[in-house]
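Asks: To start, I am sharing the structure in question, which I have written as structure tokens.
The values are calculated or read from the model by the stated rules, or taken from the named source; none is laboratory data. Everything numeric in this text was worked out from a predicted model, so none of it was measured. Please note: Cβ atoms are built from the backbone with ideal geometry, for glycine as well, and neighbour counts cover all protein chains shown. Ligands, DNA and RNA are excluded from the accessible area calculation, which covers all protein heavy atoms including side chains. Shrake-Rupley method; radii C 1.70, N 1.55, O 1.52, S 1.80 Å.
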Amino acid sequence: MKIIITGAGGQLGHDCLEVFGQNHQVTALDRRKLDITHQAHVHETIGKIRPDLIINCAAHTGVDACETETELARELNVSGPRYLAQSADRHGSLLVHISTDYVFDGQKPIADGYVEDDDPRPLSVYGKTKLAGEKAVSEETQHHIILRTAWLYGIRGHNFLKTMLKLTHAIPSREFKVVNDQFGSPTWSYRLALQIEELFEKGARGIYHATAEDVCTWYELADYFLKKMSMPHRIIPCTSEEFPTAAARPQNSILENGLLKKEGINIMVPWQDDVAQYASQFGEQLKRGVNS
């Protein structure tokens, strides 16, 4: 199969290349090679390669930055996916588009996760543009998978786990506050890449939720990860009000993998298992990273 990965320089794009590159002809495109906000360039690139599958990992994911960089957010999160969907439809490609828990307002009771047919109500510019991107994709082509995920971490790029490791490594004795009233499912980008492969191979179409199983807070995640890394730390739980941000965050970011389970193709595992494997597999590399 011919496969294009956009946003290949990020953590999910990197892991999709690792997974799909084993058995397929993959063209990995970072923003230098393909700016998805340029319609003509998108159509030209897709037309030359004529891929069987396009995995769109390109997005403006700076949640707080989107509040002021609204035009860039619209270009990357709405216009770009629309152009990719147009090209996918024109050339008979399947488009896998990555979306987010931020399309929901997080007001559901914590005991309940969001399912695929719950009504989206985004709170932030990021969430609103990602929802608009979903609609753009669905308007332009029937050959799509929209995959909502949450709390991603991986070995490439920046993420919450790397940030916590860097902070505690720099000053192990310092106390750091970490939010303990937002709930979600930390999801390893490599596991998500494997789930995308499963969806592709099973001929799936439509909107799916794909996050790790089980639930935690940011504080619980940080504490678990730092213990697995044998990193001395002094973190204390705090409320969202004690840690204000430019963009509103959903209190409940729990996505239930409802359709994956219904169709028997859910390969996601408890978040603790993946975080432990991530720490074991990449621990030394992560520690070298904070020392550099």
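Let's see how each residue does on (1) surrounded by fewer than 21 Cβ atoms within 10 Å (Cβ to Cβ); (2) touching a residue at least 40 places away in the same chain (Cβ under 8 Å); (3) farther than 15 Å from PHE282 by Cβ:
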position: GLN142; (1), (2), (3): yes, yes, yes
position: ILE145; (1), (2), (3): no, yes, yes
position: THR149; (1), (2), (3): no, yes, yes
position: ARG156; (1), (2), (3): yes, yes, no
position: PRO172; (1), (2), (3): yes, yes, yes
position: PHE176; (1), (2), (3): yes, yes, yes
position: SER189; (1), (2), (3): no, yes, no
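Asks: Applying the selection to segment 231-247, what residues are over 19 Å from PRO186 (Cβ atoms) and either hydroxyl-bearing (Ser, Thr, Tyr) or open to solvent by less than 50 Å² (accessible area, probe 1.4 Å) (or both)?
Replies: Selection gives THR239, ALA247.
Asks: I've got another one for you. Any idea which of GLN195, GLN182 is at pLDDT 95 or above, polar (S, T, N, Q) and either closer than 27 Å to THR239 by Cα or surrounded by 24 or more Cβ atoms within 10 Å (Cβ to Cβ) (or both)?
Replies: GLN182
Asks: Among residues belonging to segment 30-39 that are open to solvent by 80 Å² or more (accessible area, probe 1.4 Å) and within 16 Å of GLU75 (Cβ to Cβ), point out the one that is modelled with the highest pLDDT.
Replies: Applying the filter and picking the extreme gives HIS38.
Asks: Is it true that THR27 is closer than 21 Å to ALA150 by Cα and either open to solvent by 30 Å² or more (accessible area, probe 1.4 Å) or at pLDDT 95 or above (or both)?
Replies: Spelling it out, it is not the case that THR27 is closer than 21 Å to ALA150 by Cα and either open to solvent by 30 Å² or more (accessible area, probe 1.4 Å) or at pLDDT 95 or above (or both).
Asks: Let me ask something additional. Just to be sure, is ALA204 in contact (Cβ under 8 Å) with a residue 24 or more places away in the chain, more than 29 Å from ASP89 (Cβ to Cβ) and not basic (Lys, Arg)?
Replies: no
Asks: Related question: Can you find a residue that is open to solvent by 40 Å² or more (accessible area, probe 1.4 Å), polar (S, T, N, Q), farther than 21 Å from GLY157 by Cβ and at pLDDT below 95 anywhere in segment 3-22?
Replies: Yes; the residues of segment 3-22 include at least one that is open to solvent by 40 Å² or more (accessible area, probe 1.4 Å), polar (S, T, N, Q), farther than 21 Å from GLY157 by Cβ and at pLDDT below 95.
Asks: For segment 156-196: of the residues being among the polar types (S, T, N, Q) and either outside any helix (DSSP H, G or I) or more than 13 Å from the chain's Cα centre (by Cα) (or both), which is nearest to LEU255 (Cα to Cα)?
Replies: SER185
Asks: TRP218 versus (1) without any contact (Cβ under 8 Å) to a residue 60 or more places away in the chain; (2) surrounded by fewer than 21 Cβ atoms within 10 Å (Cβ to Cβ); (3) among the aromatic types (Phe, Trp, Tyr): which is the lone unmet condition?
Replies: (2)
Asks: Follow-up. Considering only residues of segment 89-129 that are of a type in the set (Ser, Thr, Tyr) and under 25 Å from ASP15 (Cα atoms), which is farthest from the chain's Cα centre (by Cα)?
Replies: Restricting to residues being of a type in the set (Ser, Thr, Tyr) and under 25 Å from ASP15 (Cα atoms), the top hit is SER93.
Asks: Exactly one of (1) of a type in the set (Val, Ile, Thr); (2) assigned to a strand (DSSP E or B); (3) surrounded by fewer than 21 Cβ atoms within 10 Å (Cβ to Cβ) is unmet by VAL63. Its number?
Replies: Only one criterion in (1) of a type in the set (Val, Ile, Thr); (2) assigned to a strand (DSSP E or B); (3) surrounded by fewer than 21 Cβ atoms within 10 Å (Cβ to Cβ) is unmet by VAL63, namely (2).
Asks: If you check every pair at least six apart or on different chains, which have Cβ atoms under 6 Å apart with a residue in segment 31-46 that is within 14 Å of GLY7 (Cα to Cα) first and a residue that is open to solvent by 30 Å² or more (accessible area, probe 1.4 Å) and hydroxyl-bearing (Ser, Thr, Tyr) second?
Replies: So the pair list comes out as THR37/SER79; VAL42/TYR83.
Asks: Can you name the residue in segment 118-132 that is charged (D, E, K, R) and in a helix (DSSP H, G or I) and is also most open to solvent (accessible area, probe 1.4 Å) among such residues?
Replies: If we take residues in segment 118-132 being charged (D, E, K, R) and in a helix (DSSP H, G or I), then LYS128 is most open to solvent (accessible area, probe 1.4 Å).
Asks: Then there is this: Take the conditions assigned to a helix (DSSP H, G or I) and touching a residue at least 12 places away in the same chain (Cβ under 8 Å) and apply them to GLN281. Does it pass?
Replies: Criteria not met by GLN281.
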